[in-house]
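**Student:** Here you go, one structure.
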Amino acid sequence: MKKLLTGNEAIARGAYESGVRVAVAYPGTPSTEILENVAQYREIYSEWAPNEKVALEVGIGASLAGARVLCAMKHVGVNVAADPLMTFSYTGVNGGLVLVSADDPGMHSSQNEQDNRIFAQFAKIALLEPSDSQEAKDFVGLGLEISERCDTPVMLRTTTRISHSKSLVEEAERTPLALRPYVKDIPKYVMTPAGARARHVVVEQRRAALAEFAETTGVNRVEWNTEEIGVITSGVVYQYAREALGDRVSYLKLGFTHPLPQKMIRDFAARVKKLYVIEELEPYLETQIKAWGIACHGKDLFPRIGEISADLIAEKVLGVSKEVPEPEKLPVRPPVMCPGCPHRGAFYVLKKLNLPVTGDIGCYALGAAPPLSATDSTVCMGASISMAHGWMKAIEGERPDRVVAVIGDSTFFHSGITSLLDIAYNRSNAITMILDNRITAMTGHQHHPGTGRTLMGEERPEIDLVGLVKALGIDRVSIVDPYDLKATEAALKEAIAYDGPSVIITRRPCALIEKTQPVKYLVKAGKCKTCRICLRLGCPALEYDGETVQINPLTCYSCGVCIDLCPTKAIVREEGEL
């Protein structure tokens, strides 16, 4: 039976069909939907882990127990999981384990644009790159087979276009597999220096065996059309090349890309007059091919930044430029928080008090966008708290600044806990503001330890955020409703006056998961002086046409924050006098 599936849906289906027993992830675009789709298969235990390191370690434990495992994360998540990954490469597996790295060329929803094929090379593990949804499904099964046959974790590297584009997939039934028996093997699994030295030898032997496999596997294949031009490529770029070049060139399509098939590449290169290596981001293929003394065109023609397109390939290989009409000049529309977003009030107050703000990864990264423009930095998950601590230590005794770290509830559970522990242990006057909107909002409302519900829908006790913060050694903790601007400002001023570290928890559910009773707000005729103070909130429901401010009833969430800001009391409820 064939179905139209996204790459993420196909990976989930591949896990189901291939007998995966345990699937673990931390949500992050473009990988999030993998686990959301796996969770529908009740034969698989599925969970959101607090972070990617924990997710992979859970997966390693399940692999040692003899289960087949799928771990999924976005490319920057592999950075978090790198510590166990590098050593897991040495121990090898028991049950097969596939690690999905969903890279994001073009940075559609990411803070950097790294190429995790290099991670696979760095970790010395097998690497698969699907070019459509069918391969995304099939490569999960192939990866698990390689993992068990060659005693290695396998990276399945996708990109945003593979993750979210749809193509036909032929589905099959699940193959139920018994747990592989566990045999105690201290030299294999206990990586003390003595054990690790011996296992490194095994890793190098494995790499040689994988290189031989790369020469014969059917996922690396040549498509002959002509000997004039040859193209070596992988992943979604193969689809772009086929669209741009058709049968006018020959292709070496690589699906297994670490280790690379050296003999196959040499033979292909020797038969074509001109060779192109086309890949997004880093010259991963090109560097290795040139190191073998093979001449080719690659990054001399194609960028290391952003996505590649069929039009660009046609231009660089065939010299065919497509005329693109000049786009209409539209007004700049910066991204904004949703109407009623509870974070808006917090950032408005931070901007008003002119406090330095170290930001973090989440919806609240938009606190840096105009008109709020409140955030000074955004680096990685959990960095806000550590950076605020470093800031305060750097200026101790020199400047009277009080810096505020802003972090979401899910991000705090991900990697903010240890940072706050550092503040408590090494004591600085940093202020931490935990924006508790009761969900992992940015990636589509996934549950976390503070919501009281698991990925599989089971009820669990909510983590007591106040109790956790106090247990870390922070004595001063307050809770405010960010819709209440006066209370939020008062809490910040009290924290500034306090000598020592403090935490403010702004608690209000995400506007998209808890609908308020709709109340219509209006701008009272004749009272609005068009001072535009309300527009400083950056709320999409507040509209200014150059003469008057109006509230769009279709987008207004009825949070009422704008009422508190209006100095002339021009904003009123529907029942107010017009």
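The values are calculated or read from the model by the stated rules, or taken from the named source; none is laboratory data. The structure displayed is predicted, hence computed values, not measured ones. Neighbour counts run over all protein chains shown; Cβ positions are idealised from the backbone, glycine included. Protein only, heavy atoms only, side chains kept; ligands, DNA and RNA dropped before computing areas. Shrake-Rupley method; radii C 1.70, N 1.55, O 1.52, S 1.80 Å.
**Student:** Specify the residue that is surrounded by the most Cβ atoms within 10 Å (Cβ to Cβ); the eligible residues are those in the range 42-62 that are in contact (Cβ under 8 Å) with a residue 60 or more places away in the chain and not charged (D, E, K, R).
**Tutor:** Ranking the qualifying residues of the range 42-62, first place goes to 48.
**Student:** Of all residues in the range 296-311 being over 20 Å from residue 113 (Cβ atoms) and in contact with a strand residue (DSSP E or B) (Cβ under 7 Å, 6 or more places away or on another chain), which is surrounded by the fewest Cβ atoms within 10 Å (Cβ to Cβ)?
**Tutor:** Among residues in the range 296-311 that are over 20 Å from residue 113 (Cβ atoms) and in contact with a strand residue (DSSP E or B) (Cβ under 7 Å, 6 or more places away or on another chain), the one surrounded by the fewest Cβ atoms within 10 Å (Cβ to Cβ) is 297.
**Student:** Further question on the same structure: Please enumerate the residues belonging to the range 474-520 that are touching a Leu at 6+ places or on another chain (Cβ under 7 Å) and free of Cβ contacts under 8 Å to residues at least 60 places away in the same chain.
**Tutor:** 474 - this is the single residue of the range 474-520 that is touching a Leu at 6+ places or on another chain (Cβ under 7 Å) and free of Cβ contacts under 8 Å to residues at least 60 places away in the same chain.
**Student:** Also, I was wondering about something else. Taking the residues in the range 141-187 that are assigned to a strand (DSSP E or B) and open to solvent by 60 Å² or more (accessible area, probe 1.4 Å) as candidates, determine which candidate is farthest from residue 234 (Cα to Cα).
**Tutor:** At the first step, the residues of the range 141-187 found to be assigned to a strand (DSSP E or B) are 154-159, 166-170.
The next check asks that each one be open to solvent by 60 Å² or more (accessible area, probe 1.4 Å); those that pass are 166, 168, 170.
Working: 166: 18, 168: 19, 170: 22 Å.
Among those that are assigned to a strand (DSSP E or B) and open to solvent by 60 Å² or more (accessible area, probe 1.4 Å), it is 170.
**Student:** Taking the range 270-295 on its own, how many of its residues are among the hydrophobic types (A, V, I, L, M, F, W, C) and either in a loop (DSSP other than H, G, I, E, B) or surrounded by fewer than 20 Cβ atoms within 10 Å (Cβ to Cβ) (or both)?
**Tutor:** Step one: filter the range 270-295 for residues among the hydrophobic types (A, V, I, L, M, F, W, C), giving 270, 272, 275, 277-278, 281, 285, 289, 291-292, 294-295.
Applying the additional criterion that residues be either in a loop (DSSP other than H, G, I, E, B) or surrounded by fewer than 20 Cβ atoms within 10 Å (Cβ to Cβ) (or both) yields 270, 272, 281, 291-292, 294-295.
So the count comes out to 7.
**Student:** Identify, from the list 138, 132, the residue that is within 20 Å of residue 215 (Cα to Cα) and open to solvent by 10 Å² or more (accessible area, probe 1.4 Å). Explain how you work it out, then say what you get.
**Tutor:** Working: 132 fails: within 20 Å of residue 215 (Cα to Cα).
Of the residues listed, the single one that is within 20 Å of residue 215 (Cα to Cα) and open to solvent by 10 Å² or more (accessible area, probe 1.4 Å) is 138.
**Student:** When residue 89 is evaluated against the numbered criteria (1) open to solvent by less than 20 Å² (accessible area, probe 1.4 Å); (2) hydroxyl-bearing (Ser, Thr, Tyr); (3) closer than 19 Å to residue 440 by Cα, which criterion, by number, is the only one it fails?
**Tutor:** (3)
**Student:** Could you identify the single residue in 165, 147, 89 that is within 20 Å of the chain's Cα centre (by Cα) and in contact (Cβ under 8 Å) with a residue 24 or more places away in the chain?
**Tutor:** Values: 147 fails: within 20 Å of the chain's Cα centre (by Cα); 89 fails: within 20 Å of the chain's Cα centre (by Cα).
Selected residue: 165, the only one of 165, 147, 89 that is within 20 Å of the chain's Cα centre (by Cα) and in contact (Cβ under 8 Å) with a residue 24 or more places away in the chain.
**Student:** I've got another one for you. Condition (residue is touching a Ser or Thr at 6+ places or on another chain (Cβ under 8 Å), hydroxyl-bearing (Ser, Thr, Tyr), modelled with pLDDT of 95 or more and open to solvent by less than 10 Å² (accessible area, probe 1.4 Å)) applied to the range 99-109: is it met by at least one residue?
**Tutor:** At the first step, the residues of the range 99-109 found to be touching a Ser or Thr at 6+ places or on another chain (Cβ under 8 Å) are 100-106, 108-109.
Filter again for hydroxyl-bearing (Ser, Thr, Tyr), leaving 101, 109.
Applying the additional criterion that residues be modelled with pLDDT of 95 or more yields 101.
Imposing the further condition that a residue be open to solvent by less than 10 Å² (accessible area, probe 1.4 Å) reduces the set to 101.
Yes: the range 99-109 contains one or more residues that are touching a Ser or Thr at 6+ places or on another chain (Cβ under 8 Å), hydroxyl-bearing (Ser, Thr, Tyr), modelled with pLDDT of 95 or more and open to solvent by less than 10 Å² (accessible area, probe 1.4 Å).
**Student:** Another question, then. Could you count how many residues in the range 113-143 are free of Cβ contacts under 8 Å to residues at least 60 places away in the same chain and touching a His at 6+ places or on another chain (Cβ under 8 Å)? So that I can check it myself, show each step before the final result.
**Tutor:** Filtering the range 113-143 for residues free of Cβ contacts under 8 Å to residues at least 60 places away in the same chain gives 116, 119, 122-123, 143.
Those still in the list that are touching a His at 6+ places or on another chain (Cβ under 8 Å) too: 116.
Qualifying residue count, the range 113-143: 1.
**Student:** Name every residue in the range 418-453 that is within 15 Å of residue 507 (Cα to Cα) and either in a loop (DSSP other than H, G, I, E, B) or of a type in the set (Phe, Trp, Tyr) (or both), in order of residue number. Give the derivation first.
**Tutor:** First, pick out the residues of the range 418-453 that are within 15 Å of residue 507 (Cα to Cα): 432-441, 450-451.
If the condition is that a residue be within 15 Å of residue 507 (Cα to Cα) and either in a loop (DSSP other than H, G, I, E, B) or of a type in the set (Phe, Trp, Tyr) (or both), then 437, 438, 439, 441, 450, 451 are the ones that fit.
**Student:** Same structure, new question: Select from the range 314-371 the residues that are of a type in the set (Lys, Arg) and not in a loop (DSSP other than H, G, I, E, B) and write down the one among them that is surrounded by the fewest Cβ atoms within 10 Å (Cβ to Cβ).
**Tutor:** Only one residue tops the list, namely 352.
**Student:** For residue 203, state whether it is under 25 Å from residue 135 (Cα atoms), at pLDDT 95 or above and open to solvent by less than 10 Å² (accessible area, probe 1.4 Å). I'd like the intermediate steps shown before the answer.
**Tutor:** Values: under 25 Å from residue 135 (Cα atoms): no; at pLDDT 95 or above: yes; open to solvent by less than 10 Å² (accessible area, probe 1.4 Å): yes.
Judged against the criteria, residue 203 is not a match.
**Student:** Looking at this structure, is residue 222 in a strand (DSSP E or B) and touching a helix residue (DSSP H, G or I) at 6+ places or on another chain (Cβ under 9 Å)? Let's see the steps before the verdict.
**Tutor:** On the way: in a strand (DSSP E or B): yes; touching a helix residue (DSSP H, G or I) at 6+ places or on another chain (Cβ under 9 Å): yes.
When the stated conditions are applied, residue 222 passes them.
**Student:** Another one. Hey, can you tell me all the residues within the range 211-257 that are open to solvent by less than 10 Å² (accessible area, probe 1.4 Å) and within 28 Å of the chain's Cα centre (by Cα)?
**Tutor:** Listed by number, the residues that qualify are 233, 234, 235, 237, 241, 253, 254, 255, 256, 257.
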